[in-house]
Amino acid sequence: MGGGSRALSLSSLCAAAKPPQHPFPFAPAHRALPHRLAAAMSSSSSPTPAAPAASGDAGAPAPDPSASSAIDFLTLCYRLKTTKRAGWVKRGVQAPESVADHMYRMGVMALVAADLPGVDRDRCVKMAIVHDIAEAIVGDITPSDGVPKEEKSRREKEALDHMCELLGGGSRAQEIRELWMEYEENASLEAKVVKDFDKIEMILQALEYEKEQGRDLEEFFQSTAGKFQTDMGKAWAAEIASRRKTK
């Protein structure tokens, strides 16, 4: 699909479509959404509102999110656990990690990293666990898929917007949207740190696959060379490179 193609509405993209007609050409096509979730995502109505505030609480915010919208959102996020990282799949890696695996270890990286001046560690943890969340809908689009960067970003933002609506559109959804956009735009110190974690996690995983499966995954190391934005990222990458030399 070219960058100028008109996007299908997410209500139709995310409905439980027949497998041969998956809306995103690079998304996993073998998993249909549960009927209730598909119906919720295809509905043109807003998420189920919370019960009206009790008398005397006029103007009080509704619970955010409702139990129904939270479970619908988490059910969709299940796809992150079953969507394999496409780069490893295309290189024939056995039992490749999922998108959720990748995001989880990035969250741990943010948790254990040394404090950096001006960097909010808690925000880094949150950003790490949402930075690829739109892949629950669009799948893991890689450079080899030939999708222009602008088109990839458009698809992911459209998916993210729909996921935030599914969650209820309140403060939690807004926080996820802001974290995702901050990362996407590399707009803060935290975003730069987490982008380094993204590359670090990939080359550390590549090293582990090389050791476990006897593969040469040099291309993944080359793809990150010279692209680290922080001193910590550079130091961690150097440590991984030194261990690779002695494997």
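The values are calculated or read from the model by the stated rules, or taken from the named source; none is laboratory data. Source: prediction; values computed, not measured. Glycine gets a Cβ as well: all are built from the backbone with ideal geometry, and neighbour counts include every protein chain shown. Protein only, heavy atoms only, side chains kept; ligands, DNA and RNA dropped before computing areas. Shrake-Rupley method; radii C 1.70, N 1.55, O 1.52, S 1.80 Å.
Quickly work out the Ser68-to-Asp101 label distance, labels modelled 7 Å from Cα along the C-beta direction, and quote it in nm with one decimal.
Computed distance between label sites Asp101 and Ser68 equals 3.7 nm.
Could you rank Met181, Met127, Met232 by how accessible they are, 1.4 Å probe, largest area first?
Values: Met181 50, Met127 0, Met232 25 Å².
Most to least solvent-accessible, the answer reads Met181, Met232, Met127.
Could you tally the net charge around Glu219, taking each other residue with its Cβ under 15 Å from the Cβ of Glu219, Lys/Arg +1 and Asp/Glu -1? Let's see the in-between values first.
Values: positive: Arg85, Lys90, Arg91, Lys199, Arg215, Lys227, Arg244; negative: Glu210, Asp216, Glu218.
Spelling it out: positives minus negatives among the neighbours equals +4.
Given a cut-off of 20 Å, name the pairs among Lys81/Lys192; Lys81/Lys126; Lys211/Lys245; Lys90/Lys227 whose C-alpha atoms lie farther apart than that in the structure shown.
Numbers: Lys81/Lys192 25 Å; Lys81/Lys126 18 Å; Lys211/Lys245 11 Å; Lys90/Lys227 23 Å.
Among Lys81/Lys192; Lys81/Lys126; Lys211/Lys245; Lys90/Lys227, the Cα-Cα distance tops 20 Å for Lys81/Lys192; Lys90/Lys227.
Tell me, in nm to one decimal, what length is gained between Thr142 and Glu175 on full extension, where the rule is 0.36 nm per residue of separation less the Cα-Cα distance? Could you put the intermediate results ahead of the total?
Details: separation 33, 0.36 × 33 = 11.88 nm, distance 2.62 nm.
Length gained between Thr142 and Glu175: 9.3 nm.
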